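To keep things clear, I will list the structure first and then write my remarks on it.
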Amino acid sequence: MVTAQRPRARSEVFYLCTACEATSLRWVGRCPSCGAWNTFGPSSVRSRSARPGTAAAGAAAVTLADVSTEAAQPLPTGVSELDRVLGGGVVGGSVTLLFGPPGIGKSTLLFQVLSSVAAAGVDVMLASAEESLVQVRGRASRIGLVPRHLLALEGPDLEEIEAAVERHHPALLVVDSLQSISDSELAQPAGSLAQVRACVERLTRMAKSTGVPLLLVGHVTKDGDLAGPRAVEHLVDTVLSFDGDRHHTLRVLTSVKHRFGPTGEVGIFEMRDDGLRAVPDPGPLMLGDRMAGVPGSAVVPVLQGRRPLLVEVQALLGPGTGGASRPHTLGIDAARANLLVAILACRTVVEVPEGAEFFVAAVGGISVTEPAADLAVALALASVVTDRPLPPDVVAFGELGLAGEVRMVPGAERRLAEAYRAGFTRALVPASTVSAGTGAGDAASLFAPAGMVVHGVRTLAEALALTASQAGAQTGPGTMPGWPTLPAPASL
Ligand code: TYD
Ligand code: MG
């Protein structure tokens, strides 16, 4: 392979593709011109005077329109859900921080990225400061093949990582993890804020000068930020969060910051015995074990980033009575659930038992933080109190106000489309979403899937009246009296 010397100064070195002679100011793993991998090597140092317009000392401004975007073309990692989140792949010289709680699968994900790129015949490198190479090799065997082009380096020393990059010039470098590497020039221990910051600064400089894309792992604890990942977000190009419930198999990858594309893009994976598997359609995984027709269950299409995801929320009435205790919650904000119990008690005819002990949960390992889930949670609570199940093919979304009013939430059409795709044929949505100002029933302004029955509700009481009259009914479009079928959408 072509190896590169460390450039003396960024602007004095350019890189040349040995296959097609395309040039680039940055090293790139794959030639944007001819598509060949690893053909870029440093070429002769250009003298300043040989370049027109740069004879004078000091920095010169350039015409922005002439700046090439070649180096910003993303290189696919081969892990489809990650490429989707990154908008195509990693960009040469970019620094991406992947953070998440310990044990969620960060090392597994990045190992899969490394082996996927290495399988294409390109050298990639893992700097493992946290696990020994024997442990890494163990994980590798579990996941599958270990390509010859995957190089690995053990130990916490930042200088050694830099030297190895200079020597092998990999197409991709993974550092696992930020909290375990250290710059020996600093007295502070690995993992301290000063160390983490210094290491990220040095690694970022290295990525920019060599053009090697860098993926950094950072741990955060469940209950907040630790010295590290969040404190260095401003230093890196891209920040990805990897989350999920360790006891469930679903993992959600979200871009929090992305200099090369949109943020809020979401990738979904399933953790299996042989590594992470992309889940392009999470519906069956999320609702596969759902028991329709049981009181206390409701389904809400939530938005993760821009991606709709169907989540079942459940409520249970415990044996405890007396004392106004808050609901016990799992995957749902406790204060929010408390508020919904109060709204149900004060704004509807449902008789909530005095001091009732409620349990409220989002099922499937996804935390539901969106106010859009209010209506579904309140319906689940009402359903368990009245012991009447909701119709099995209904989804509901909308924020609840203290007056019991159902308020508009973003992304209605995306939510409806996902619900319909998963087989739900009826939806309760905020009346204002259906038609601003004209109230329930007039559905003319909302694009819903053809055949889906959508009803705008103004209040929780109205939603309850509708669902109560239909509890247990098997439906198709149009079987719920008074539910208008919407016109077919022009597009979704
Ligand atoms: P890991 O990637 O080491 O997590 P992190 O780097 O975020 O701390 O993975 C942690 C868990 O994933 C571990 O408890 C075992 C589990 N796992 C699987 O279930 N299947 C697999 O194929 C692998 C490699 C790990
Ligand atoms: Mg790890």
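Defining a contact as two alpha carbons under 8 Å apart and six or more residues distant in sequence, what relative contact order in percent does the stretch 76-166 show?
It comes to 26 percent, rounded to a whole number.
Length gain on complete extension for the stretch Val294 to Ala187, per 0.36 nm per residue less the alpha carbon to alpha carbon distance?
So the chain would gain 32.5 nm between Val294 and Ala187.
List residues of the stretch 245-278, by number, whose backbone nitrogen lies under 16 Å from a label position 7 Å along Cα→C-beta of Ala72.
Label zone hits: 258-263.
Order these peptides, 267-279, 167-179, 233-245, by their mean beta-carbon neighbour count within 10 angstrom, highest first.
Descending packing order for the listed peptides: 167-179, 233-245, 267-279.
I'm a student and want to see the number: the projected area of the Cα convex hull of the stretch 333-445, averaged over all directions, in nm².
Mean projected area of the Cα convex hull: 7.7 nm².
What is the spin-label model distance, in nm, from Val349 to Val134 if the labels are put 7 Å beyond Cα along the C-beta direction?
In this crude spin-label approximation the distance works out to 7.2 nm.
By counting other Cβ atoms within 10 Å of each Cβ, how are His247, His219 ranked from fewest to most?
Fewest-to-most Cβ neighbours within 10 Å comes out as His247, His219.
So what J values fall out for the stretch 365-371 if you push phi through Karplus, 6.51 cos²θ - 1.76 cosθ + 1.60 with θ = phi - 60°, rounded to Hz, Gly and Pro as x?
Karplus values, whole Hz, x for Gly and Pro: x, 10, 7, 9, 10, 6, x.
Treating the beta-carbon of each Lys and Arg as +1 and of each Asp and Glu as -1, no other charges, what is the dipole magnitude of the stretch 67-147 about its Cα centre, to the nearest 20 debye?
260 debye
Multiplying the sequence separation of Lys257 and Arg388 by 0.36 nm and subtracting their Cα-Cα distance, what value in nm do you get?
Gain in length upon complete extension: 42.7 nm.
Which whole-angstrom value gives the distance between the alpha carbon centres of the stretch 130-176 and the stretch 312-388?
For the stretch 130-176 versus the stretch 312-388, the Cα centre distance is 48 Å.
Long-range amide H contacts for Ser192: which residues qualify at under 5 Å (H placed 1.01 Å from N, peptide plane, sequence gap of 5 or more or a different chain)?
none
At 7 Å along Cα-to-Cβ for each site, give me the label-to-label distance between Arg421 and Glu399 in nm.
That separation, rounded to one decimal, is 2.5 nm.
Readers should treat all values here as calculations from the given coordinates under stated rules, not as data from a laboratory. As the structure is a prediction and not an experimental result, all values here were calculated from the model. So basically every Cβ, Gly included, is an ideal-geometry build from the backbone, and we count neighbours across all protein chains shown.
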